[in-house]
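In what follows, a structure is listed as structure tokens, so that the remarks can point back to it.
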Amino acid sequence: MFSMGQRVWHRDGKRSGKVLECEGDRVFIEQDNGAELDFPANELTATPPAAARISGARPKDGSPTVREAGYVMRNRSLIAADITPEHARVAEPKHCSEKPSHLP
């Protein structure tokens, strides 16, 4: 199976970590961010799956390089096209002269 301290990857390539403990068929890992997860042993591998590898910059000699993919945050910038009428309604300023709805 796996040994404590060994780096393992989930077969989906999105999660990896170091083995903390093996208990029966369950393997407990700690991700680089400190989060602890457990998986059935058959869902983990000691070698990174293809999905866990992303291309890096190429060296001057043109040979490809590969580096491990950690968690990559997608660009979550809000653009005007993302604003819905609900967003606009919430963002409308309230005027001080308006009487609160809970008062008679």
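The values are calculated or read from the model by the stated rules, or taken from the named source; none is laboratory data. A quick note: this is a predicted structure, and the numbers were derived from the prediction, not measured. Every residue, glycine as well, gets a Cβ built from its backbone with ideal geometry; the counts of neighbours run over all protein chains shown.
Go through (1) in a loop (DSSP other than H, G, I, E, B); (2) at pLDDT below 65 one by one and return the number of the condition G13 breaks.
All conditions pass for G13, except number (2).
If only one of R53, R7 is touching a strand residue (DSSP E or B) at 6+ places or on another chain (Cβ under 8 Å) and modelled with pLDDT under 90, which one is it?
Among R53, R7, only R53 is touching a strand residue (DSSP E or B) at 6+ places or on another chain (Cβ under 8 Å) and modelled with pLDDT under 90.
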